[in-house]
């Protein structure tokens, strides 16, 4: 994002199949990063029902969508000038 944006280096965009799932994803991300003392710039409600949760970690902004909203807002299309970085499966977090 940095070459085309002044507010962050990366967007992480992911989606869930339900509102409950996106809230669980947001909670897991916050808990995992709390272990490294990395805090979001603001807190979101633990039972957000908007369908779009944004976690702002300054240089990285995570967008967690309810799947139909991700398709509707299409951030990938809006920010299509940004270079895409795929995370290899071997680096995905395992619980």
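The values are calculated or read from the model by the stated rules, or taken from the named source; none is laboratory data. Quick caveat: nothing in here was measured; it's all calculated off a predicted structure. Please note: Cβ atoms are built from the backbone with ideal geometry, for glycine as well, and neighbour counts cover all protein chains shown.
Yes or no: the range 72-93 includes at least one residue that is crowded, with 16+ Cβ neighbours inside 10 Å, out of contact with any helix residue (DSSP H, G or I) (no Cβ under 9 Å at 6 or more places or on another chain), in a helix (DSSP H, G or I) and at pLDDT 85 or above. No. Of all residues in the range 59-71, one or more are part of a loop (DSSP other than H, G, I, E, B) and surrounded by 10 or more Cβ atoms within 10 Å (Cβ to Cβ).
Summed over the range 44-58, the residues that are assigned to a strand (DSSP E or B) and in contact (Cβ under 8 Å) with a residue 12 or more places away in the chain give a count of 4.
Residue count for the range 1-43, restricted to those that are closer than 25 Å to residue 80 by Cα, out of contact with any helix residue (DSSP H, G or I) (no Cβ under 8 Å at 6 or more places or on another chain) and part of a loop (DSSP other than H, G, I, E, B): 9.
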